[in-house]
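Here the structure comes first, spelled out in structure tokens, and everything after it is commentary.
The values are calculated or read from the model by the stated rules, or taken from the named source; none is laboratory data. Not measured: the values here are computed from a predicted model. Here the Cβ positions follow ideal geometry from the backbone for every residue, glycine too, while neighbour counts run over all protein chains shown. To get the accessible areas, we keep the full protein, side chains included, count just its heavy atoms, and leave off ligands, DNA and RNA. Shrake-Rupley method; radii C 1.70, N 1.55, O 1.52, S 1.80 Å.
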Amino acid sequence: MKNKLSSDYSLPCCHLASSWNQVFLLILTVFVFLLSPCVQAQQKLDINQATLEQIQQLPVSPQMAKALYERIQFKGPFTSIYQLWEIPGMDGDSFKKLKELLKIEPIPPASAVQERIEQIYYRLERWSSNEGISNDLIDLWIEKALEPVNINKLGYNELVNFQNISPVDAVAILKQRQLVHFFRNTRDLRYTPGLSNYAYRSLRNFIQFKDESYSDWHGSFLLRVDNTPFISEEAEQSPQAQFLDVLQQTGAASLNQIPSVFSRFRITKGKHYDFGLSYVRANGEPMIYTTTSPFHLPETKFHFTIKDFSWKDFQLKKLILGYYKVTLGQGLIFENTDFFTPRKSGYGFRKRFNGISGDLSRNREFTLKGLAFETNYHNLRTIGFVSYDDRDAILNKDEYLGKPSFNHFIVLDQRFKYAPGDTLRGPNNQNLSWLDAVNELTYGAHFQYTFTPGTFLGLSYYESAYDRYLNPDPYQVVGADNSGNQNWDIRQSTADSEIKQAYGGPLSRGSNPFWDKAISFRRIYGLNFQTVWKNLAFQGEYGILDKSHGAFKPLVGPRAFVGSIYWQQENFNLLLLYRNYDVSFDNPYQRSFSNYRRYKGTIFEDYYYLQTPLYGQLYANNPQPQAESGFYLNAYYQISRQLTTRLEYDNWTRKPDQAKNYRLVGTVDYRPVYPLDLQIRHKWQSREPQNDLTPNQFYKNYELRGRLRFRLSNYDALDLLYANSKLVVHPRPRVFGDFVLDGEATGVNFSHNFNRNFRLSGMLLYYKGFFWNFEETQFMVMDSPRGALRFYFSAYSRLTSNLSVRLKYTADHQKPINNIQFQPYQSTIDANPGKMFGTLWKRAQQHFFYFELNYNF
């Protein structure tokens, strides 16, 4: 009975389960049917995100697959499936198949920074690769281009640091903003009275007209690797030739094949935080480590910056920890860079960054490491800094007052531990390394009060303390001749008074209240001013090297002054500048206007007289200006849209020997039609033309340079170049009559943009004699007395919207020497008798490469 009941009750349950199964299967069928289009869509390939390998799996030919991929990479993503008809070779059958397999998904919206990168990628490429402009300005331009600032909140000091913005332009903007209360758009800015067209076109890349939040992280990474020889202004001083022999003698010849490396990383959070890191190693230089335990850490530079915070009327513009740069006024008192820039007026291409900034540049000698700040309170601007860092210097072999002393700071191309070729200071003798030889404590301040926009008065001060005595004794650097006589005794003349009057000796001895190890010091005071009246800007800076040696005493010491007047019109501008530097104004941080660097015309320039040729870097790499006085004029006039002219005239006196110098440069740029541009540049220069008794005279130095540029479609360009130079030199005692050094060059440049992401450029040049040239991102100086053929090819590619690379190959083939006989070159020049002076050896063929990677995010 029980079983029956069980069997009776089991039958309805089975029917119920079967019914539920049917319902479940019906629901599943309906669900799959409804979902099938989505599943089918998910199986389709998003052509805009596809890789080349994925596209090659489609039912198309390999040529069409490649064309599809290149269309997306170089012309942007598809926005419609029907754009497939733009692909060469597309037919109806292929389109029908691809339509079933492909889908077009909308591109995710880019961030504000990404959009800015896409808009101005060509400017980022040009700025990042430019080595002729201050790194501080480049970093500022890139930062502000990616994060535009509200022009209605910018002050004078921020405006003048932008590209092509003169003091007249900055004041015009501030006065117009005060009149209209705020700028609404670019149209309001364009109609600012007194604002030049160049300034407006440059400024619009960095500004916006209302506050927009940029809270995202963004930054950039730059890597450069190359084996290009060091650049020198002196044709007879070829570092490639000089360093080869001394490297072999010091056992470092294998290092000569190591390329130079420069890398820089910057990251910014919003508008208030900035961090940077950089690394530099020169061509053929050994690796230098900050620490080797517990791990090897290469010598790097870094900075962390906090900026743009306000508390009521007080503004913290910048607070920098780590490595930083300081530029005050016109560079007369303080500007810490390792590089000399001739005729650095502060205008145009000779613009200087004003204020403080994190230092990620190639500077390695005059670096500042510590803390710096910049603040504003009402009309008072304050800059303060303190730094403790080491300096490369030539140490004296003899002690001074029973303690070690140093002779001069020196900017080294290659930072070896010891001076190659100077056996008296090497590890087997006195073990006097020139690397990080002196510790320096430097601190200073600048106070600037603004009366009206563009009119201010500033006071500057800085002091450096050293843990070694400063004793610039020339006998410690200059070697002896073949007979054992001291070259310094032979060459003592007014031409070397710049060496004799170098700062040091008893006047430099002293202690420091903040550092108990200090035994010598240097102290400099300065005053700078500026005023803008209508379209005229007046600037000036005055400095004094304190030799009063005591508190509360009248300032006594050598002085320096630089002043300028700048007149700006819409199609015309004129700069008049005067400078006057005392011979004994020896300020290692002076970077003001001059034509030549310090120690020009002294025995330091004649490196073969020194104990090692590498001591010639005392002159060749010296960033200080020489002691000179004179007037400089620079005029630009756009006569019409087709014709522009520029004139430079400089008349100055080298103060150590009162040598008169003249320099006149005229440039004419004529465009009869837009695609055609003809530029002619002529330079005339002379030194001591009225003095027939000095051996330093050259009568004339002519240089003619012509360039014919064809601007082709798609921003392509073709340049034809011709240059001719002639130097007429005063006869030497061993030469009868004047002798002439000729130079000539003929070449062609081209640049072809395959699309907006790939460019190929190159040059073919024949030159004989001395020649300088801009080779894309590098400034090169060449010399070939017999003639040489030079060429380069460069490829630039934007691999993605953020990443770009540049690869350049350069070859230089000299005509061979087949009739010369000379003794083996001996580079060791010291007090040992019996040595010989040989000729410099140069390779007949040279091959260089240059690699650059840029990543902006």
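Structure data summary
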item: Region 376-450 versus region 140-215: alpha-carbon centroid distance in Å; result: 40
item: Heavy-atom surface of region 590-720, accessible at 1.4 Å and reported per residue (Å²); result: 43
item: Trp533 versus Arg559: modelled label distance in nm, points set 7 Å from Cα along the beta carbon direction; result: 2.3
item: Normalised contact order of region 322-397, rounded percent, pairs of Cα under 8 Å and 6 or more residues apart; result: 31
item: Sulfur and carbon atoms: percent of accessible area, region 279-318 [1.4 Å]; result: 62
item: Tyr649 paired with Leu718, simple spin-label distance in nm, labels 7 Å along Cα-to-beta-carbon; result: 4.0
item: Label zone at Leu380, where the point sits 7 Å out along the Cα-to-Cβ direction: region 514-532 residues whose backbone N lies under 18 Å; result: 528
item: FRET E, pair Lys547, Lys517, Förster distance 25 Å, beta-carbon r, rounded to 0.05; result: 0.65
item: Calculated from backbone phi, Karplus (6.51, -1.76, 1.60) coupling profile of region 192-205 in Hz, x at Gly/Pro; result: 6, x, x, 8, 6, 5, 4, 5, 4, 5, 7, 5, 5, 7
item: Linear extension gain, Leu633 paired with Asp216, 0.36 nm per residue minus alpha-carbon span; result: 145.5 nm
item: Order by protection proxy (mean Cβ within 10 Å, highest first), peptides 719-726, 357-364; result: 357-364, 719-726
item: Links that overshoot a 25 Å alpha carbon limit, given the list Lys271/Lys325; Lys269/Lys317; Lys210/Lys351; Lys547/Lys655; Lys144/Lys210; result: Lys210/Lys351
item: FRET efficiency estimate (nearest 0.05) - Cβ-Cβ, His682 to Lys99, R0 45 angstrom; result: 0.10
item: Residues with amide H under 5 Å from that of Gly510, placed H, sequence gap 5 or more; result: Ser520, Phe521
item: Nonlocal amide H pairs with Asp216, under 5 Å, H built at 1.01 Å; result: Gly270
item: Carbon/sulfur fraction of accessible area - region 602-695, other protein chains in place, 1.4 Å, %; result: 57
item: FRET efficiency, Leu574 to Leu319 (Cβ-Cβ, R0 45 Å, nearest 0.05); result: 0.70
item: ³J(HN,Hα) computed for each position of region 285-297 - Karplus, 6.51 cos²θ - 1.76 cosθ + 1.60, integer Hz, glycine/proline x; result: 8, x, 5, 10, 10, 6, 8, 10, 9, x, 9, 7, 10
item: Residues whose placed amide H lies under 5 Å from that of Ser784, excluding near-sequence neighbours; result: Gly769, Phe770
item: Distance in nm between pseudo-label sites at Ile258 and Leu179 (7 Å out along the Cβ direction from Cα); result: 6.1
item: Contour excess over end-to-end distance, with Cα ends at Glu744 and Asp398 and 0.36 nm allotted per residue; result: 119.7 nm
item: Residue-by-residue Karplus 3J(HN,Hα) for region 455-468, coefficients 6.51, -1.76, 1.60, Hz, glycine and proline x; result: 10, 8, 9, x, 10, 10, 7, 8, 9, 10, 10, 10, 8, 10
item: Cα centroid of region 631-654 to Cα centroid of region 293-355, whole Å; result: 31
item: Contour minus Cα-Cα distance for Leu45 and Ala811 (0.36 nm per residue); result: 271.1 nm
item: By average C-beta atoms within 10 angstrom, highest first, the peptides 767-775, 71-79; result: 767-775, 71-79
item: Sequence ranges 578-589, 197-208, ranked by mean other-Cβ count within 10 angstrom, highest first; result: 578-589, 197-208
